[in-house]
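Presented below is the structure to which this report refers.
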Amino acid sequence: MKFIVQWNGQPTAQQSAVERFMKTGGALPPDGVKLLGRWHSIGELSGFAIVESDNTAPMAAWVLQWGDLFTFRVAPALSDEELGAALGAYQAGK
């Protein structure tokens, strides 16, 4: 299953976030989480990633690595095709 992972940091965390990112290269997710892409906002401590996982436990471990600097929002994500199939099933059941 795919997930959208969004993060936001406070301005007071900027220096620590920069140092950790440069040291770790952004700390790739652990085994069990495949990073499909990651994007960062310009001029603020925020961004999002698209990941794929069948298990939320390694996802929780990954975001906890950064939890002292950022808040996270993790939500399931559907492609257009997946959403279309779900909407079609919903309409058929009405």
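The values are calculated or read from the model by the stated rules, or taken from the named source; none is laboratory data. Note that the structure is predicted; figures quoted are calculated from it, not measured. Cβ atoms come from the backbone with ideal geometry, glycine included; neighbour counts cover every protein chain shown.
Couple of notes before you dig in:
- Here residue 66 meets the list (1) in contact with a Lys or Arg (Cβ under 8 Å, 6 or more places away or on another chain); (2) part of a strand (DSSP E or B); (3) surrounded by 14 or more Cβ atoms within 10 Å (Cβ to Cβ); (4) not β-branched (Val, Ile, Thr) almost entirely, failing just condition (2).
- Check on residue 35, closer than 16 Å to residue 6 by Cβ and in contact with a helix residue (DSSP H, G or I) (Cβ under 6 Å, 6 or more places away or on another chain): no
- The single condition among (1) in contact (Cβ under 8 Å) with a residue 40 or more places away in the chain; (2) surrounded by 12 or more Cβ atoms within 10 Å (Cβ to Cβ); (3) among the aliphatic types (A, V, I, L, M) that residue 75 does not satisfy is (2).
- Per-region count, region 1-55, residues of a type outside the set (Gly, Ala, Ser) and over 25 Å from residue 78 (Cβ atoms): 15
- Qualifying residues in region 7-60 (those that are of a type in the set (Val, Ile, Thr) and at pLDDT below 95) - the one surrounded by the fewest Cβ atoms within 10 Å (Cβ to Cβ): 42
- Looking only at region 56-72, and only at residues there that are among the β-branched types (Val, Ile, Thr) and without any contact (Cβ under 8 Å) to a residue 60 or more places away in the chain, the one that is nearest to residue 3 (Cα to Cα): 56
- Here the condition is being among the basic types (Lys, Arg) and over 11 Å from the mean Cα position of the chain (by Cα); of 94, 34, 2, it holds for 94 alone.
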